[in-house]
Every structure is written in structure tokens, then in C-alpha cells.
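Colleague: Below is a structure I'd like to ask you about.
The values are calculated or read from the model by the stated rules, or taken from the named source; none is laboratory data. All values derive from a computational prediction rather than experimental measurement. We place every Cβ from the backbone using ideal geometry, glycine too, and count neighbours over all the protein chains shown. Note: accessible area is taken over every heavy atom of the protein model, side chains too, but ligands, DNA and RNA are not part of it. Shrake-Rupley method; radii C 1.70, N 1.55, O 1.52, S 1.80 Å.
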There are 2 protein chains.
Amino acid sequence: MVTSSAPGKVYLFGEHAVVYGEPAVPCAIERRARVTAREIDEGLRIHSEDLKLDGFTVEYDGDGAGRPDVDASEPLLEAAMGYVNEAVAQVRDAADVPDAGFEIRIESDIPLGAGLGSSAAVVVAAIDAATRELGVELSAEAIAERAYQVEAAVQDGEASRADTFCSAKGGAVRVEGDDCRTVDGVDNLPFVIGYDGGAGDTGALVAGVRSLREEYDFAADTVRAIGDIVREGESVLGSGDYETLGDLMDFNHGLLSALGVSSRSLDSMVWAARDAGAMGAKLTGAGGGGCIVALDDTDDALTALKYTPGCESVFRAELDTDGVRQE
Amino acid sequence: MVTSSAPGKVYLFGEHAVVYGEPAVPCAIERRARVTAREIDEGLRIHSEDLKLDGFTVEYDGDGAGRPDVDASEPLLEAAMGYVNEAVAQVRDAADVPDAGFEIRIESDIPLGAGLGSSAAVVVAAIDAATRELGVELSAEAIAERAYQVEAAVQDGEASRADTFCSAKGGAVRVEGDDCRTVDGVDNLPFVIGYDGGAGDTGALVAGVRSLREEYDFAADTVRAIGDIVREGESVLGSGDYETLGDLMDFNHGLLSALGVSSRSLDSMVWAARDAGAMGAKLTGAGGGGCIVALDDTDDALTALKYTPGCESVFRAELDTDGVRQE
């Protein structure tokens, strides 16, 4: 029996623009998914108690045809099952044991569906734990690649390499197209995350940006300006100059707002954090609802967000320099 | 005795960027300053009851050395006296009556200091009323030019021609550098204005944009993108396509936010209007506090803003196609 864990992520800079070849900087955060894998004779048994699915335990045979009887919304459940199914397929392939059976237990303190990379973290941790259980040790890069294949299969080709690479490697990451690499020398970023309890429709938000960008040159320029912010931000990242990083986050948020992907609750949380003295704050992920990330090394933004209407939960989650690891 | 009136304005597009040579589109609104001028033997008597100065009556001699004893903040009062003094100087020059005395009565339903062009409207109406009282009739263009000289004198060279031209001519106006012209064919724009009761520090806001623009290419690109929105908006203005105009207003607001000139209350009002179905909403003027303008031909945004925390007052103020006029 092996337990592995992997972190969630926020976007410090560059979401949405990354779709058009601009660079982006996701950062791993100290919120993790933990997956325990135990080899069994055949089939697949999945237990999950903390995926914000009100707790479910799934037991079904290896072909995925079984339908569990649990108290959780059908789409979330299908998604969770889909990820684990595909992850186990990758594990069987990597270890060359096509009929390996597993009992998988999933715990996560990353809010699900909030744009914090919870599915990538589960997949990355599951691949690591289950391959180790079979006596195979994959590099973080190999896990990232296989986890990306899982997300690509489940998300119908809409997946980005950013989440899985960031979760596997940890730290601050630079993504540009298919090129992912760790940004060296970044060991501390005092993130505070506010969550409105909801989620935007990622597909619709991405489509909205695409149509603005196709219709208006100034929207295409705005996407490019986000890329320029990322390039500027990279040069500041290792310096510990949080003031400048925060200013760049604020600017990035404004450009995302212009592209139509902010929301009333996101803007409300961003202002609560800024007014409380955060060095910067922006939405993170697809937008339309979900999470903001603020940069604050005091407790003030955290406290302010706690009392901000529309902010359902708030927590500190510093940069996590550890990627996937055996527990 | 002659009474003239002139309208206030909102920026449909382009504030801040106009400082760097981009075009902007201020629009006159159905909120007016009314000025009554009566020739008297000598000196200057000013009565003002509705400048949001808690009502004051000022009586002093022509050289402006007298200090009135009224219940109003010193800077606001000095500003108001400065505008009227300079306006009367322009009137004496235009009519070639260097020692003409006036009793001036000012009423205004344009909130003072809210970025709605109240000072320009007072100056424009005062010049029109007082010159007419002396039997001289100036064109709207001549009034705009003299009113601009007044603002330039009072505002230490920081004045824009936009406010005074827009107030003198009415309607939608295109400003680019010193070139101001009326946009033809625009006869209706269903504006709703929300006011947070405050005002940003215009000088600091303009300086903030300047320093961002000097430091970062992406900020300069953002300023240019605002200009592109204006050019796009111009082509839509006469068509009555409010949906597109609203989308452009929303985008413009996001870019202004990126440039750091929005505020918590402005964003809160903008979202209240949008969520209530307004076709678009943005801050108007220097930002940092003050007013937003929404485009809505129903009563919904008005009602929503009425109940939005931080919105001190809200009113409908359609496009006013009339500029300065004798009442």
C-alpha cells in the first residue's frame, strides 16, 4: 500500500492568454490531494471521502461499466470516475501489468471544481501511488506527461499541460504552448485564496474570449498584453519584490475583466483583499466565479475576505515547492 | 436679466487615454446648470443655492479679494468663485465692457465634484447669460473656447477641451487632442448614472496612469487599446446598436481597471447595473470613486443601483442633444 500526494495550483499570471500561445505562470499551492493505492486481485475499488462530493465510495469492476449508488451529482461523479479510470489505465501501461487490480482511496483538501487543479492533483498522485505499488518509480516529468494524457482523454482534448505539470513538479512553473518548465529560485509566495463557492462555465468563458479576440483587434492586443505581463512578471518572480508582483497581478486582473471573464463576486473579493492591504489580487483560472488569489504576507486580506459577502471560504496556501511525493 | 443653461457630461469612452492623444467620446446629459445674469452698476454679486455646497451666497467686489462668510469647504468655494471670476473676465472681454458689473445666480442639478462636468456647465451657461445680458450673442463654439480658457486658468493648465465643448454644443462629441467635433446622428442614449458620493484625486489618478504607461509597454498598449475601442465605438454610435455599445463600455471599463483607476464602489455599481441587465457599464471620468454610467432602456439598472451599498445616488440622464441655450 502506497500513499502519494500532489498539490493544487493557482495562476499567478496568464490564464486565458495561454490558449493563444502566450506564456503563463501557474504556481503549486500547499493544498494537496492524497491518493492511497493497494494492489488487489482484479478490478478497481475507489473510496473517496473528501472530494466535496459529500463522501462517496465506489466499487465497480475494471471495465468502468458499473454504476455506483452514491449521493453525488452525476456529472461530478462521472468526471471523478473518469479521471481515476484513465489514471489506472496509464498505470497499467507504465508498469506493463495490463490487468492489475487496485483499491484506491482519495482524500483532498483542494476544493473541487474551483479552478485550483484538484483533478490534476488527484490524477498525478494516483499515478505515482499506483505505479509505486507495482514497484515502478516514474520521474515527475513522466507522471506529468501521463497525467496530461488522462486529462486530455477525460476533457475531450481541452486539457492544458499546465495543471498536471505544475502538480507533478511543484513550485512556480512557466507554460508556453506545450513547453513547461520550472521557474528556478522561487521559494516563497504568500498566497491567500478566496472562493465564492461557485464556478464559471469554462467552455463558455474560453469561447467568449475567442469571439472577442476574433472580432476586435483591441481584444487581441489585450491578450498579448497579458503575455507581456507574464514576461515582465517572470523577471521579477525570483526577486521577492512582492509589491511589483502585486501590481502586475492587479493589471492582469483588469485585462481579464476587460475580456469578460471576471464576475461580481470575484471583483468583490479582489477589492476586499486590496483594501485590506494585499500587494495584489486577481481571479485565478477560467473566471466567471470560483477563486481569487491575493498576495499578502499579513493576516489582513485573510480576515477581510472572511467577512466579505460572497466569499464562501478563504484560506492561506503558500507556494508549495514540492510536487508529487510519496507520503 | 438673462438665464442660460448648459448640460453636464459623461464619458461614453476614452477618459485617461485622451491625455495621450487617443480620441474620446464625452456625451452631454440631461442634467443642467442654470445661470442667471443681471447687469449691475459695478462689481460682482454671486448667489448659489444648489451647487451641493449647502447653499451659499457670496457678495464681493470685482477684484475677487473679498472673502465670503459661508458654510462650505474652502477649496470648493474657492474653486466656484474662481470659475465665476474668470468667466466674468471672459464676458467683459467678449463684450468689450471692461468694467461691467453683474449679479449672478447659479443653480445646478449636476452633482459637484463627481466628474460630470459641473464646473464646465456653470462656466458655459454663465458666459452665455452674461454676454447676452450685455447684448452680445456668441456662437456655441466661441463660448466653448472662452469657457476652456476659464477652466485652463482655474485648473492650472490641466483642463481638457472636452467638458466645455460638450457642454456648449450638447450631444455626443469626439475629442482628439485640441480637435473637438460633434458626432452626427446620435439622438438617444439611455444613460443611467450611479454616484458613490465621493471623488478620486484626479491628479494622482492621471499621474498613476502616466507612470504605469512610462514603465510598462503593456500599459502603453492598454492606453492604445482604449483608443481603438473609441474608434470602434464611433462607428456604432449612430446605429442604435446598444448591445455592441454596451460591450465596448464593459471592455473600456476593464482596461481602465487595469490602469488602476477603478475602485471598489465603482466596480460594485458597475456589476449591479450589469447584473440588472444593463447593456454595458463603466466608470466615467477620472475614476477612483465618483460615477459610473450604464446603458439601460429599462428601469432595472436604476432600481438595482438604488439598493446597491455604496451607491449614494442614482438617476437617469439621457443624452442631451441641446448644448448651451437661453432659458
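Colleague: From the list B:170, B:101, which residue is more than 20 Å from the chain's Cα centre (by Cα) and not hydrophobic (A, V, I, L, M, F, W, C)? Show your work before the answer.
Modeller: On the way: B:170 fails: more than 20 Å from the chain's Cα centre (by Cα).
Only one candidate qualifies: B:101.
Colleague: Which condition number does residue A:67 fail, the rest of (1) over 30 Å from residue A:190 (Cβ atoms); (2) modelled with pLDDT of 60 or more being met?
Modeller: Tallying (1) over 30 Å from residue A:190 (Cβ atoms); (2) modelled with pLDDT of 60 or more, residue A:67 fails exactly one: (2).
Colleague: I've got another one for you. For region B:227-244, check the following and say yes or no: at least one residue is in contact with a His (Cβ under 9 Å, 6 or more places away or on another chain) and surrounded by 24 or more Cβ atoms within 10 Å (Cβ to Cβ). Reasoning before the result, please.
Modeller: Looking only at region B:227-244, we keep the residues that are in contact with a His (Cβ under 9 Å, 6 or more places away or on another chain), and these are none.
The answer is no; no qualifying residue exists.
Colleague: Looking only at region B:157-171, how many residues end up being of a type outside the set (Lys, Arg), over 19 Å from residue B:17 (Cβ atoms) and assigned to a helix (DSSP H, G or I)?
Modeller: Residues in region B:157-171 being of a type outside the set (Lys, Arg), over 19 Å from residue B:17 (Cβ atoms) and assigned to a helix (DSSP H, G or I): 3 in total.
Colleague: Regarding residue B:256, is this residue more than 9 Å from chain A (Cβ to nearest Cβ), modelled with pLDDT of 95 or more, within 21 Å of the chain's Cα centre (by Cα) and buried (at least 22 other Cβ atoms within 10 Å of the Cβ)?
Modeller: For residue B:256, the condition - more than 9 Å from chain A (Cβ to nearest Cβ), modelled with pLDDT of 95 or more, within 21 Å of the chain's Cα centre (by Cα) and buried (at least 22 other Cβ atoms within 10 Å of the Cβ) - is not met.
Colleague: Filter region A:181-213 down to the residues that are charged (D, E, K, R), within 14 Å of chain B (Cβ to nearest Cβ) and in a helix (DSSP H, G or I) and list them by number.
Modeller: Within region A:181-213, A:213 is the sole residue that qualifies.
Colleague: A follow-up question, please. Checking residue B:150 against (1) surrounded by 19 or more Cβ atoms within 10 Å (Cβ to Cβ); (2) within 14 Å of the chain's Cα centre (by Cα), which test does it fail?
Modeller: (2)
Colleague: If you go through region B:173-220 one residue at a time, how many are of a type outside the set (A, V, I, L, M, F, W, C) and more than 30 Å from residue A:246 (Cα to Cα)?
Modeller: Result for region B:173-220: 12.
Colleague: Oh, and also: Do you know which residues across region B:232-253 are part of a helix (DSSP H, G or I) and either more than 9 Å from every other protein chain (Cβ to nearest Cβ) or small (Gly, Ala, Ser) (or both)? Write out each step before concluding.
Modeller: Initially, region B:232-253 is screened for residues part of a helix (DSSP H, G or I), giving B:232-237, B:242-253.
Of everything in region B:232-253, those that are part of a helix (DSSP H, G or I) and either more than 9 Å from every other protein chain (Cβ to nearest Cβ) or small (Gly, Ala, Ser) (or both) turn out to be B:233, B:234, B:235, B:236, B:237, B:242, B:243, B:244, B:245, B:246, B:249.
Colleague: In region B:212-225, is there at least one residue being within 20 Å of the chain's Cα centre (by Cα) and open to solvent by 20 Å² or more (accessible area, probe 1.4 Å)? Reasoning before the result, please.
Modeller: So the first thing to find is which residues in region B:212-225 are within 20 Å of the chain's Cα centre (by Cα), and the list is none.
Taking every residue of region B:212-225 in turn, none turns out to be within 20 Å of the chain's Cα centre (by Cα) and open to solvent by 20 Å² or more (accessible area, probe 1.4 Å).
Colleague: Name the residue, out of B:183, B:154, B:123, that is at pLDDT 90 or above, more than 30 Å from residue B:239 (Cβ to Cβ) and of a type in the set (A, V, I, L, M, F, W, C). Spell out how you get there, then give the answer.
Modeller: On the way: B:183 fails: more than 30 Å from residue B:239 (Cβ to Cβ); B:154 fails: at pLDDT 90 or above.
Answer to the selection: B:123.
Colleague: Take the conditions more than 11 Å from every other protein chain (Cβ to nearest Cβ), assigned to a helix (DSSP H, G or I), closer than 22 Å to residue B:166 by Cβ and hydrophobic (A, V, I, L, M, F, W, C) and apply them to residue B:293. Does it pass?
Modeller: Values: more than 11 Å from every other protein chain (Cβ to nearest Cβ): yes; assigned to a helix (DSSP H, G or I): no; closer than 22 Å to residue B:166 by Cβ: yes; hydrophobic (A, V, I, L, M, F, W, C): yes.
Criteria not met by residue B:293.
Colleague: I would also like to ask the following. May I ask you to list the residues in region B:1-28 that are farther than 15 Å from residue B:224 by Cβ, surrounded by fewer than 22 Cβ atoms within 10 Å (Cβ to Cβ) and not hydroxyl-bearing (Ser, Thr, Tyr)?
Modeller: Residues satisfying the conditions are B:1, B:2.
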